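Here's the structure, in structure tokens; my notes come after.
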Amino acid sequence: MLHRRKFIQLSSLGAGSLIASKSFGIKFKNNKVIKPVVAATWNTGIAANIDAWKILSNGGRALDAVEKGVMVTESSINCCVGLGANPDRDGYVTLDASIMDEFGNAGAVAAIERIKHPISVARKVMENTPHVLLVGEGAQQFAVSQGFPLESKSLSPEAELEYKEWLKTSQYKPKINIEQTGTNPTAFAPLKLSNGDWNHDTIGMIAIDAAGNLSGSCTTSGMAFKMRGRVGDSPLIGSGLFVDNEIGAAVSTGLGEEVIKTAGTHTVVEYMRHGYPPEEACKAAIQRVIKRNSIEKAKTFQVAYIAINKQGIVGGYAIQKGFNYAVYSNEINNKLIDSKYLY
Ligand code: SD4
């Protein structure tokens, strides 16, 4: 339950339209709900939102929007997500994805290879199996059985170049989501040096549809040059993605190990259940990550969350400067928003 003093602080932070009910549900003082709304992580969220918005603005289901939206990013061979992304340290591109609908159904795949749209396989896991998560070869076999074509093993030209460069030293120091150059150029080196367009490898998307239902999706190639078999937060329900249609939805990006250890997105949604507005809920979950690390250590990696509540309000928070997310609604016409951050 939200303590009185904390609630007063939140109210002064602009949370005045929310009250926490005795049953932990959230009631809004005014009944205004902004819908539909879609939000997606990073600048790649702009293109993804456009396809999601086509569905939402036509009265479509949030689940369809969050699947179709992130498929745009998965298809882009010059991007960070999907088969065009950097491989693991043995040279294989392995992908993770998860999806959740308004009924709390969930599906996910991890370490899947040679499949262009892991998010759609995750949806098939949710809809056509009694399971939540399929991994590796089994996930690939399932995808093929569902009609997904097996794509080529070869790396994209850009990933090939980066991998060859990495092989020169083969240092096992995955760099992730560090957007600022900072004072220590090694620790803060961006993942992608050439055009600066992206230096992250995940897209997370959350949406509320015209019917007021929530869904979310998350898809990633994980860390570049990761250990073979490494799985991050993105396909783990409650870590990379969580949706509770009574409360809200959240997705994460950043160093997956830290998100997993704090059950990141479930934590965000639970803060919202206790009355925190989305931005404050994300901040509180980020503080949980900091709490189990020294500040010095936390300054060397990135974790970021975005969240949406039942009122259609979107917020985000990150450890480091440089995280952004795109929001599309009737009021906000697909705008990239710089996230607030701790350091
Ligand atoms: C992971 N969270 O596999 C993902 C990586 C990420 O932008 O978000 N990259 O740990």
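The values are calculated or read from the model by the stated rules, or taken from the named source; none is laboratory data. Just so it is clear, the structure is predicted and the values come from calculations on it, not from any experiment. Note that each Cβ is placed from the backbone with ideal geometry, even for glycine, and that neighbours are counted across all protein chains shown.
Brief remarks follow.
- Residues being more than 9 Å from the ligand (Cβ to nearest atom) and crowded, with 22+ Cβ neighbours inside 10 Å - total across the stretch 208-219: 7
- A count restricted to the stretch 325-343 and to residues that are within 16 Å of Lys283 (Cβ to Cβ) and of a type outside the set (Lys, Arg) stands at 7.
- Subset of the stretch 257-266 [surrounded by fewer than 24 Cβ atoms within 10 Å (Cβ to Cβ), assigned to a helix (DSSP H, G or I) and not hydrophobic (A, V, I, L, M, F, W, C)]: Glu257, Lys261, His266
- Members of the stretch 249-273 found to be touching a strand residue (DSSP E or B) at 6+ places or on another chain (Cβ under 6 Å) and among the polar types (S, T, N, Q), listed by number: Ser252, Thr253, Thr265
- Count of the stretch 97-134 residues which are of a type outside the set (Gly, Ala, Ser) and under 17 Å from Gly69 (Cβ atoms): 11
- Failed item in (1) modelled with pLDDT of 95 or more; (2) touching a Leu at 6+ places or on another chain (Cβ under 7 Å), with Met205 passing the rest: (2)
- Candidate set: the stretch 314-343, residues that are of a type in the set (A, V, I, L, M, F, W, C) and crowded, with 21+ Cβ neighbours inside 10 Å; chosen: the one farthest from Asp201 (Cα to Cα): Val314
- Residue within the stretch 220-228 that is within 11 Å of the ligand (Cβ to nearest atom), in contact with a Gly (Cβ under 8 Å, 6 or more places away or on another chain) and on the phi > 0 side of the Ramachandran plot present: yes
- Selected residue (only one of Pro235, Pro278 is at pLDDT 95 or above and closer than 25 Å to Val135 by Cβ): Pro235
- Residues (within 16 Å of the ligand (Cβ to nearest atom) and crowded, with 24+ Cβ neighbours inside 10 Å) located in the stretch 290-311: Gln302, Val303, Ala304, Tyr305, Ile306, Ala307
- Checking the stretch 100-117 against the condition returns no match, with no residue being more than 16 Å from the ligand (Cβ to nearest atom), of a type in the set (S, T, N, Q), at pLDDT 95 or above and assigned to a helix (DSSP H, G or I).
- Some residue of the stretch 171-179 being among the hydrophobic types (A, V, I, L, M, F, W, C) and modelled with pLDDT under 90: yes
- Selected residue (only one of Ala47, Ala65 is within 11 Å of Met205 (Cβ to Cβ) and modelled with pLDDT of 85 or more): Ala65
- Within the stretch 229-256, considering residues that are assigned to a loop (DSSP other than H, G, I, E, B) and more than 12 Å from the ligand (Cβ to nearest atom), the one surrounded by the most Cβ atoms within 10 Å (Cβ to Cβ): Ile247
- Verdict on Asp244 being modelled with pLDDT of 95 or more, in contact with a strand residue (DSSP E or B) (Cβ under 9 Å, 6 or more places away or on another chain) and of a type in the set (Asp, Glu): yes
- Taking every residue in the stretch 234-261 that is in contact (Cβ under 8 Å) with a residue 12 or more places away in the chain and pairing it with any residue that is away from the ligand (no atom under 14 Å from the Cβ) and among the charged types (D, E, K, R), at least 6 positions away or on another chain, the pairs with Cβ-Cβ distances below 6 Å are Asn245/Glu102; Ile247/Arg273.
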